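Read through the structure below, which is laid out as structure tokens, and then see the notes.
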Amino acid sequence: MPPTEAEVSALHQRATEAARNSYSPYSRFRVGAAILLLADQRQDGAIVAGTNVENASYRLTCCAEQAAIAAAVTLYGPQIRIRAVAIVNLNGSACMPCGACRQTLLEFATPETAVFYPSASGETISTTLAALLPAAFRLDRE
Ligand code: THU
């Protein structure tokens, strides 16, 4: 089920709050991501946010989406499913999820997972993870 307008608005608010805590002294690119979990008895449609955490050894940087997913698994366990994710940045730049984040989101996605991100002109692009990651790599679980 696609997220409601109220849910999308809440996602953007939580992502923006998270982005204010960004640790990005190297790029100064402040990103926030908020994920809406699929409602079930435990997750109850919860929203969990994360921000980017950089490192002097650049490649150790953790993207906002990955921070949000790690927090969601920590809080709700390994069965989480992502109904929607909103990404924001406080620099006014386009901020679509990077390739690594697309693959990380896929791990907990549904066929309908919605993605919202800012385009270069500042408008919010609404799409799906399936559209952003065609022919995705998957490994069958035992
Ligand atoms: N970044 C994210 O947090 N998510 C993405 O999907 C793309 C990039 C962060 C990583 C780094 O701290 C900064 O943006 C510049 O690449």
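The values are calculated or read from the model by the stated rules, or taken from the named source; none is laboratory data. Given the structure is predicted, the values throughout are model-derived calculations rather than measurements. All Cβ positions, glycine included, derive from the backbone under ideal geometry; neighbour counts span all protein chains shown. Accessible surface is based on the protein model in full, side chains and every heavy atom, while ligands, DNA and RNA are left aside. Shrake-Rupley method; radii C 1.70, N 1.55, O 1.52, S 1.80 Å.
Given the criteria farther than 16 Å from GLN43 by Cβ, at pLDDT 95 or above, loosely packed, with under 15 Cβ neighbours inside 10 Å and among the acidic types (Asp, Glu), does GLU123 qualify? Against the criterion (farther than 16 Å from GLN43 by Cβ, at pLDDT 95 or above, loosely packed, with under 15 Cβ neighbours inside 10 Å and among the acidic types (Asp, Glu)), GLU123 qualifies.
One residue stands out among those in the stretch 56-70 that are within 9 Å of the ligand (Cβ to nearest atom) and not hydroxyl-bearing (Ser, Thr, Tyr): the one that is surrounded by the most Cβ atoms within 10 Å (Cβ to Cβ), which is ALA64.
On the given criteria, is CYS98 more than 24 Å from ALA6 (Cα to Cα), under 10 Å from the mean Cα position of the chain (by Cα) and not small (Gly, Ala, Ser)? For CYS98, the condition - more than 24 Å from ALA6 (Cα to Cα), under 10 Å from the mean Cα position of the chain (by Cα) and not small (Gly, Ala, Ser) - is not met. Considering the conditions (1) within 16 Å of the ligand (Cβ to nearest atom); (2) over 15 Å from ALA114 (Cα atoms), LEU11 is excluded by exactly one of them, (2).
Within the stretch 21-45, can you find the residues that are open to solvent by less than 20 Å² (accessible area, probe 1.4 Å), more than 8 Å from the ligand (Cβ to nearest atom) and modelled with pLDDT of 95 or more? Result: GLY32, ALA34, ILE35, LEU36, LEU37. Can you tell me which residue within the stretch 71-95, out of those that are open to solvent by 40 Å² or more (accessible area, probe 1.4 Å) and either in contact with a Ser or Thr (Cβ under 8 Å, 6 or more places away or on another chain) or of a type in the set (Lys, Arg) (or both), is nearest to LEU37 (Cα to Cα)? Out of the qualifying residues, it is ARG81.
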